[in-house]
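For reference, the structure discussed in these notes is given below.
The values are calculated or read from the model by the stated rules, or taken from the named source; none is laboratory data. No experiment lies behind these values; they were computed from the predicted model shown. Don't worry about glycine lacking a Cβ; one is built from the backbone with ideal geometry, like all the others, and counts go over all protein chains shown.
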Amino acid sequence: MSAEAVTLNSGTSSCKIHLFGATVISWVCKGKERLFLSTDAIMDGSKAIRGGIPIVFPNFGPWECGPQHGIARISWWKVVEQHVQLDNGDTQVVLELTDDEKSRKIWNYSFKLQYTVTLSSSTLTSSLHITNTSTTSFDFTTLLHTYIRVDDIKDTTVSGLKGCAYKDKVTTSDGIEQDSEVKISMNVDRVYMDTNHHVVTHVGGRIQVEKEGLPDTVLWNPWVEKSQAMSDFNNDGWLNMVCVEPGFVGKRKVLGVGEVFGCKQTLTVLE
Ligand code: TA6
């Protein structure tokens, strides 16, 4: 482990987690990098890492308290446990983030986040537990902002969303997904509500996104202009990524004093 990142290995698979934001920045599985990380990503802690699996908490999207998408992805986490090999051969690391003076200036509540990353030969599981250590209840939204690497967005489809209601942040309209295979040919930014237990991206190879405790799925590709407008997003990055983001974002989750909220996603390389 370097000072700023921890690497896990399981068989021929590996993953790397940056301590800033506890952001998984690489997942190599079956000989191929499966996550998108912008070549212009900033890794010095001055802003959220552009790519991998940023953790969104306590707010998805813009909010009056501070930076968009909240505190978790712009904070330094610490490793509290590392298991080189579990009984089933998987490898695992646990990272933790608690409130501090800086976070309380943004959002004046006490919390503990425990993030467990588990790597097997064909899966990567991210499990997040949120504990309310405040003396009052609080409400939040949370999401795993997963950037899946694709060979070519034009050859990519996303299945598992048919029949789901969505809010389209580009057209500011609502709708019901009609397609069993969603194709992406422009800037897409949709919040699908109450989506299936799993969503499969056909990305020249198939990555399955399974989720628990995260009822919604955000689908995002900035396309050309928005990629060029983000200084930390390489201009042609839109060609090689699709964000499939499991989240609890359709409504706010209320957490009582001492209560724990658990959620997780499992990414599987199907072929
Ligand atoms: O998850 C999609 C989204 O909310 C988009 O609206 C876009 O803002 C994206 O997140 C990236 O946000 P960021 O703050 O990382 O630039």
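Here are 131, 136: which of them is farther than 30 Å from residue 222 by Cα, at pLDDT 95 or above and in a loop (DSSP other than H, G, I, E, B)?
Numbers: 131 fails: in a loop (DSSP other than H, G, I, E, B).
Step by step, each of 131, 136 is checked, and only 136 is farther than 30 Å from residue 222 by Cα, at pLDDT 95 or above and in a loop (DSSP other than H, G, I, E, B).
Please list, ordered by first then second residue, the pairs with beta carbon atoms under 6 Å, 6 or more apart or interchain, first in region 227-255 and under 20 Å from residue 158 (Cα atoms), second assigned to a helix (DSSP H, G or I).
If the second residue must be assigned to a helix (DSSP H, G or I), the pairs left are 237/227; 238/223; 238/227; 239/153.
Got a sec? Which of 92, 68 is in a strand (DSSP E or B), out of contact with any Phe, Trp or Tyr (no Cβ under 6 Å at 6 or more places or on another chain) and not aliphatic (A, V, I, L, M)?
Working: 68 fails: in a strand (DSSP E or B).
One residue alone meets the criteria, 92.
For residue 221, all conditions in the list (1) of a type outside the set (Val, Ile, Thr); (2) without any contact (Cβ under 8 Å) to a residue 40 or more places away in the chain; (3) within 16 Å of residue 156 (Cα to Cα) hold save one; what is the number of the exception?
The one condition residue 221 does not meet is (2).
Could you pull out the residue among 80, 56 that is modelled with pLDDT of 95 or more and either away from the ligand (no atom under 15 Å from the Cβ) or over 22 Å from residue 109 (Cα atoms) (or both)? Write out each step before concluding.
Working: 56 fails: either away from the ligand (no atom under 15 Å from the Cβ) or over 22 Å from residue 109 (Cα atoms) (or both).
Step by step, each of 80, 56 is checked, and only 80 is modelled with pLDDT of 95 or more and either away from the ligand (no atom under 15 Å from the Cβ) or over 22 Å from residue 109 (Cα atoms) (or both).
Could you pull out the residue among 116, 142, 125 that is under 14 Å from the mean Cα position of the chain (by Cα), within 16 Å of the ligand (Cβ to nearest atom) and not in a loop (DSSP other than H, G, I, E, B)?
Numbers: 116 fails: within 16 Å of the ligand (Cβ to nearest atom); 125 fails: within 16 Å of the ligand (Cβ to nearest atom).
Step by step, each of 116, 142, 125 is checked, and only 142 is under 14 Å from the mean Cα position of the chain (by Cα), within 16 Å of the ligand (Cβ to nearest atom) and not in a loop (DSSP other than H, G, I, E, B).
Listed residues 180, 185; which is farther than 24 Å from residue 39 by Cβ, away from the ligand (no atom under 16 Å from the Cβ) and of a type in the set (Ser, Thr, Tyr)? Break it down stepwise before answering.
On the way: 185 fails: farther than 24 Å from residue 39 by Cβ.
Exactly one of 180, 185 is farther than 24 Å from residue 39 by Cβ, away from the ligand (no atom under 16 Å from the Cβ) and of a type in the set (Ser, Thr, Tyr), namely 180.
Limited to region 159-171, what total is found for residues that are assigned to a strand (DSSP E or B) and within 16 Å of the ligand (Cβ to nearest atom)?
Initially, region 159-171 is screened for residues assigned to a strand (DSSP E or B), giving 159, 165-168.
The next check asks that each one be within 16 Å of the ligand (Cβ to nearest atom); those that pass are 166-168.
Qualifying residue count for the region: 3.
Are there any pairs, at least 6 apart or on different chains, whose C-beta atoms fall under 6 Å, with the first in region 57-70 and within 19 Å of residue 128 (Cα to Cα) and the second aliphatic (A, V, I, L, M), and if so, which?
From residues that are within 19 Å of residue 128 (Cα to Cα), the pairs are 57/72; 60/143; 60/249; 69/56; 70/56.
Within region 207-265, restricting attention to residues that are of a type in the set (Asp, Glu) and surrounded by 15 or more Cβ atoms within 10 Å (Cβ to Cβ), which residue is farthest from the ligand (Cβ to nearest atom)?
Taking region 207-265 and keeping what is of a type in the set (Asp, Glu), we get 210, 212, 216, 225, 232, 236, 245, 259.
Next, from what is left, pick out any that are surrounded by 15 or more Cβ atoms within 10 Å (Cβ to Cβ): 210, 216, 232, 245.
Details: 210: 19, 216: 11, 232: 8, 245: 5 Å.
The qualifying residue farthest from the ligand (Cβ to nearest atom) is 210.
Just one of the numbered conditions (1) at pLDDT 95 or above; (2) under 27 Å from residue 127 (Cβ atoms); (3) more than 12 Å from the ligand (Cβ to nearest atom) is not true of residue 174; which one?
So residue 174 meets the others, but not (2).
In region 140-176, what residues are under 30 Å from residue 71 (Cβ atoms) and touching a helix residue (DSSP H, G or I) at 6+ places or on another chain (Cβ under 7 Å)?
Listed by number, the residues that qualify are 149, 150.
With the condition kept exactly as written, say whether any residue in region 8-21 is part of a loop (DSSP other than H, G, I, E, B), within 27 Å of residue 221 (Cβ to Cβ), within 15 Å of the ligand (Cβ to nearest atom) and touching a strand residue (DSSP E or B) at 6+ places or on another chain (Cβ under 9 Å).
From region 8-21, those part of a loop (DSSP other than H, G, I, E, B) are 11-12, 19, 21; that's our starting set.
After this cut, where a residue has to be within 27 Å of residue 221 (Cβ to Cβ) as well, the list is 21.
Remaining after also requiring within 15 Å of the ligand (Cβ to nearest atom): 21.
Within this subset, residues satisfying the condition of being touching a strand residue (DSSP E or B) at 6+ places or on another chain (Cβ under 9 Å) are 21.
Yes, region 8-21 contains a residue that is part of a loop (DSSP other than H, G, I, E, B), within 27 Å of residue 221 (Cβ to Cβ), within 15 Å of the ligand (Cβ to nearest atom) and touching a strand residue (DSSP E or B) at 6+ places or on another chain (Cβ under 9 Å).
Could you list, in sequence order, all residues of region 223-249 that are under 16 Å from the mean Cα position of the chain (by Cα) and closer than 20 Å to residue 177 by Cβ? Even if it seems obvious, please write down each step before you answer.
Initially, region 223-249 is screened for residues under 16 Å from the mean Cα position of the chain (by Cα), giving 241-249.
Residues satisfying the conditions are 242, 243, 244, 245, 246, 247, 248, 249.
Of all residues in region 42-52, which are more than 12 Å from the ligand (Cβ to nearest atom) and not acidic (Asp, Glu)? Walk me through it before giving the result.
The initial filter retains those residues of region 42-52 that are more than 12 Å from the ligand (Cβ to nearest atom), namely 43-46.
Hits for region 42-52 are 43, 45, 46.
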